[in-house]
Amino acid sequence: MSGDDAYERYLRHQQQCHPDAPLLTRKAFFEDREQQKWDHIKRCC
């Protein structure tokens, strides 16, 4: 699983489960994923 289809999976999920919620742009989606990925790292090495 490379995550190449992550945005498409996000769109499908949002349409099915949260149809009235605003959608993130592709850029905002991937920026949010990167932020989540690195936020939990609290060590130097």
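The values are calculated or read from the model by the stated rules, or taken from the named source; none is laboratory data. It should be emphasised that the depicted structure is a prediction, and the values quoted were computed from it without experimental measurement. Note: ideal-geometry Cβ built from the backbone for every residue, glycine included; neighbour counts use all protein chains shown.
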Completion exercise
Residue pairs within 6 Å by beta carbon, gap of at least six or interchain, first lying in region 15-34 and in contact (Cβ under 8 Å) with a residue 12 or more places away in the chain and at negative phi, second surrounded by 10 or more Cβ atoms within 10 Å (Cβ to Cβ) and of a type in the set (S, T, N, Q), listed first then second, are L23/Q14
Practice task
Can you confirm whether region 6-14 contains a residue that is surrounded by 10 or more Cβ atoms within 10 Å (Cβ to Cβ) and either touching a strand residue (DSSP E or B) at 6+ places or on another chain (Cβ under 7 Å) or not in a helix (DSSP H, G or I) (or both)?
Solution key: no
Practice task
Tell me which residues, restricted to region 1-37, are among the polar types (S, T, N, Q) and modelled with pLDDT of 95 or more.
Solution key: Q14, Q15, Q16, T25
Exercise for the section: For residues that are of a type in the set (S, T, Y) and within 10 Å of the chain's Cα centre (by Cα), tally how many sit in region 1-24. Expected result: 2
